[in-house]
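Have a look at the structure below, then the notes.
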Amino acid sequence: MERTKTTDGRVIAVRGAVVDVAFDGGVTLPPIDDALVITPDGAAPITVEVQAHVNESTVRGIALQSTMGLSRGVPARATGGPIEVTAANPCSAGCST
């Protein structure tokens, strides 16, 4: 079976900060260390970093925000890359030029 690229999945399990996300069978899973964004209805987005491929259609990740109230079936979207953080000018902390 040829594998195709996808970015959409759904939450299938939440255990504290550990979140399992399932994608349709036969799709390419997001790579380990990539970010997923889960957007529950009426709540702030939750960023999850992929830590493991559980099987051919499921990833397990660690949430970086609270998962309080997160339930199964909530959509998840792969960002296509790792978590990114905007940094200040690296030399603003006393670098000499």
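When the range 29-56 is filtered for residues that are closer than 11 Å to ALA78 by Cα, of a type outside the set (D, E, K, R) and outside any loop (DSSP other than H, G, I, E, B), the ones remaining, listed by number, are ALA35, LEU36, VAL37, ILE38, THR47, VAL48, VAL50. The residue that is surrounded by the most Cβ atoms within 10 Å (Cβ to Cβ), counting only those in the range 57-77 that are part of a loop (DSSP other than H, G, I, E, B) and touching a Ser or Thr at 6+ places or on another chain (Cβ under 7 Å), is GLN65. Being within 9 Å of the chain's Cα centre (by Cα) and either polar (S, T, N, Q) or at pLDDT 95 or above (or both) holds for only one residue in VAL74, VAL50, and it is VAL50.
The values are calculated or read from the model by the stated rules, or taken from the named source; none is laboratory data. Given the structure is predicted, the values throughout are model-derived calculations rather than measurements. All Cβ positions, glycine included, derive from the backbone under ideal geometry; neighbour counts span all protein chains shown.
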